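**Student:** Mind having a look at this structure? Questions to follow.
All of the numbers you see were taken from the coordinates with simple rules; none came from a lab. Note that the coordinates shown come from a computational prediction; the quantities given were computed from them, not determined experimentally. No Cβ is skipped: glycine too gets one built from the backbone with ideal geometry, and neighbour counts run over all protein chains shown.
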Amino acid sequence: MKKKLGAIALLSVAAVAIAGCSTGDNGNAGGDASGFDPDGAQGQNITFWVMGGDTPEEARQFLVDEYKDATGGTLTIEQQDWSDALTKLTNQLPDSKNTPDVTEIGNTWSPTFTGAGAFTNLSAIYDELGGENLLQSFVDVGSVDGQQYALPYYFGSRYITYRKDIWQAAGLDEPTTLAEFNESVKQLKTADQAGFYIGGEDWRNGVSWIFANGGELAEKDGDKWVSTLSAEKSIEGLTQFQDIFTNASNAPATEDDSTPWININNDKNGAAPTAATIIAPGWAHWSIGDYDGVNDEGVEQRTWNDDVFGVFPLPGVEAGTVAPVFAGGSNIAISKASENQEGAKELLRIIFSQEYQELLGTNGLGPANTEYVDSLGDDQFAVALRDSALGSKLTPAAPGWAAVEGQKILEEFFGKVAAGGDVSSLAEEYDAKIDAIING
């Protein structure tokens, strides 16, 4: 499998460059925190990078309008693709002439960029932006030595969507434990249908089996992070993942993040679904349902059907518990190299306002400020999202974690496990690979 080594090489160079320019007192992180200066924000034109299409158009327009009203300046929102975002951030964050003033960043990349000094110290405005009400696991991965640099933008969580009709025809009820789930989805596999559709390299979902069994991807040992794929509890989870991939999924072992809602839907021509069960982020329910044609923009439309589809959080090992799943979502930060610091802070004030936080919630994105989670609603999707997010976990807050992801090490590892490799031997091999880069 081809590795994206170029992005990591660039990241390493940028980390050194940014750290060299840092004037702060917190290791490699950026300089002293300062508060809001509304007067200084007046007339500043700024750029905000959003990653992918998760931020809805309604929310984007709200930010543009509110920023104009607050400062008289222009906010330009530029959407970046996740596929090359790491390279773009690495190249442009240190460059004051080309850096975005504010950027969304994957939560798992935050430790690397914050530790390298890429972001402005937000500690002086942290409390005004929400403080302890902000999702603390996301705050932690964006902090260095107790100083905040990257704050949560929104959270998402993954839960199970299943075909009620298929499960009921097989005489199966919603499972109450992970073992029941594993056995049920294996029973549902046929030659033409996955009992549970999950790609072999889809580690962001596959890691749930490690977490549920008490394992971790990595742990801190003294001053260093060490990979723990070969730990006993991690092996237990990986063995379960290998079993359900082999006996429940019909996805390729080389498939990573995908669009499994395509598999659970009836085809627009009436063909049967190719999956009885999937795991996906909460917002995926908008793409699941009965086919209703296409809209004026040519986008496929579907209507959820409660008689056909259902949702539930992935159950934990013990009855009545929920398995920890990978916490999706993003952080947000101000580029240390930005020449428009006050305008950037004003944008953060707007983003963390109650109105914008609730706007995110009504669009199915978990608001960064936990005071406003009720904006997600109380339907089955909101309940499943909240329940699955309650115990969700992030990847390790290690300075080299972005390198682990950028080199696709976990995709490669999970793919080999899914393909039937010896779990223990592979885990030891990939622990060594991760240990070589996880500490930056």
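**Student:** Using just the alpha carbons, could you tell me how many Å³ per residue the convex hull of segment 282-440 encloses? List each step's numbers first, then the result.
**Tutor:** Working: hull volume 34.5 nm³, N = 159.
Convex hull volume per residue, Cα atoms: 217 Å³.
**Student:** If you don't mind, there's one more thing I want to ask. Order by neighbour count: Thr74, Thr112, fewest other Cβ atoms within 10 Å first, most last. Walk me through the intermediate numbers first.
**Tutor:** Working: Thr74 14, Thr112 30.
Sorted ascending by nearby Cβ count, the order is Thr74, Thr112.
**Student:** Output the 0 to 90 degree angle, nearest 10, between the alpha-carbon long axis of helix 409-418 and the longest principal axis computed from the alpha carbons of the chain.
**Tutor:** 0
**Student:** A follow-up question, please. I need to check one value: relative contact order of the chain, counting alpha carbon pairs closer than 8 Å and at least 6 residues apart, in percent. Please list the in-between numbers first.
**Tutor:** Values: 940 pairs, mean separation 109.6, N = 440.
For the chain, the relative contact order is 25 percent.
**Student:** Another question, if that's okay. Taking the Cα centre of segment 296-370 as origin and charging only Cβ (+1 Lys, Arg; -1 Asp, Glu), how large is the dipole, in debye to the nearest 20?
**Tutor:** On the way: 4 positive and 11 negative charges, 85 e Å.
The dipole magnitude comes to about 400 debye.
**Student:** Output the antiparallel fraction of DSSP beta bridges having both residues in the chain, as a percent to the nearest 5.
**Tutor:** Values: 34 of 45 bridges.
Here the antiparallel bridges make up roughly 75 percent for the chain.
**Student:** Kindly put Glu318, Glu300 in sequence by how many other C-beta atoms sit within 10 Å of each C-beta, fewest to most. Numbers along the way, then the final one.
**Tutor:** On the way: Glu318 10, Glu300 13.
Placing the least packed residue first, the sequence is Glu318, Glu300.
**Student:** Over all directions, what mean area does the Cα convex hull of the chain project, stated in square nanometres? Could the numbers behind the result be given before it?
**Tutor:** Values: hull surface 83.4 nm².
Averaged projected hull area, Cα only: 20.8 nm².
**Student:** Here's another thing I want to ask about it. With a 10 Å cut-off between alpha carbons and a GNM built on the chain, which of Gly206, Gly53, Gly293 moves the most?
**Tutor:** Its mean-square fluctuation being the largest, the pick is Gly293.
**Student:** Continuing with this model, one more query. Could you list Trp401, Trp304, Trp49 so that the one with the fewest beta carbons within 10 Å of its beta carbon is first and the one with the most is last? Provide the component values of the computation, followed by the final result.
**Tutor:** Numbers: Trp401 26, Trp304 17, Trp49 23.
Ranked by crowding around the Cβ, least crowded first: Trp304, Trp49, Trp401.
**Student:** Could I have the simple spin-label model distance between Asp292 and Asp173, label points 7 Å from Cα toward Cβ, reported in nm to one decimal?
**Tutor:** For the pair Asp292/Asp173, the computed spacing is 3.3 nm.
**Student:** Follow-up question, since we're still on this one. What is the helix-to-structure angle for 232-248, meaning the angle in degrees between its Cα long axis and the longest Cα principal axis of the chain, kept from 0 to 90 and rounded to the nearest 10?
**Tutor:** 60
**Student:** Further, regarding this structure: With a ≥ b ≥ c the root eigenvalues of the C-alpha gyration tensor of segment 270-351, is it rounded (a/c under 1.5), prolate (a/b larger than b/c) or oblate? Let's see the in-between values first.
**Tutor:** Working: a/c = 3.66, a/b = 1.53, b/c = 2.39.
The shape class here is oblate.
**Student:** Ok, one more. Pop a pseudo-label 7 angstrom from the Cα along the beta-carbon direction at both Ser83 and Asp95 and give the gap in nm to one decimal.
**Tutor:** 2.1
**Student:** Taking a ≥ b ≥ c as the square roots of the eigenvalues of the Cα gyration tensor of segment 318-364, is the shape rounded (a/c under 1.5), prolate (a/b larger than b/c) or oblate?
**Tutor:** On the way: a/c = 4.77, a/b = 2.04, b/c = 2.34.
Cα axes put segment 318-364 in the oblate bin.
**Student:** Please get the size of the charge dipole for segment 156-224, origin at its Cα centre, with Cβ charges of +1 on Lys and Arg and -1 on Asp and Glu, quoted in debye to the nearest 20. Can you show the working numbers first?
**Tutor:** Working: 8 positive and 12 negative charges, 36 e Å.
With Lys and Arg at +1 and Asp and Glu at -1, about 180 debye.
**Student:** Here's a follow-up. When Lys and Arg each count +1 and Asp and Glu each count -1, what net charge do the other residues less than 12 Å away from Phe245, Cβ to Cβ, add up to?
**Tutor:** In short, -1.
**Student:** Express the relative contact order of segment 244-357 as a whole percentage, based on alpha carbon pairs under 8 Å and six or more residues apart in sequence.
**Tutor:** Values: 82 pairs, mean separation 13.9, N = 114.
12 percent.
**Student:** Which aspartates and glutamates have a Cα less than 18 Å from the Cα of Lys336, not counting those fewer than 8 places away in the same chain?
**Tutor:** Output for Lys336: Asp25, Asp32, Asp37, Asp95, Asp101, Glu104, Asp145, Glu346.
**Student:** Still on this structure: Using the Kirkwood formula on the Cα atoms of segment 45-179, what hydrodynamic radius do you get, in angstrom to one decimal?
**Tutor:** One over the average 1/r among Cα pairs gives 17.6 Å for segment 45-179.
**Student:** Now, a different point. For segment 212-236 and segment 153-182, what is the separation of their C-alpha centers, rounded to whole Å?
**Tutor:** 27
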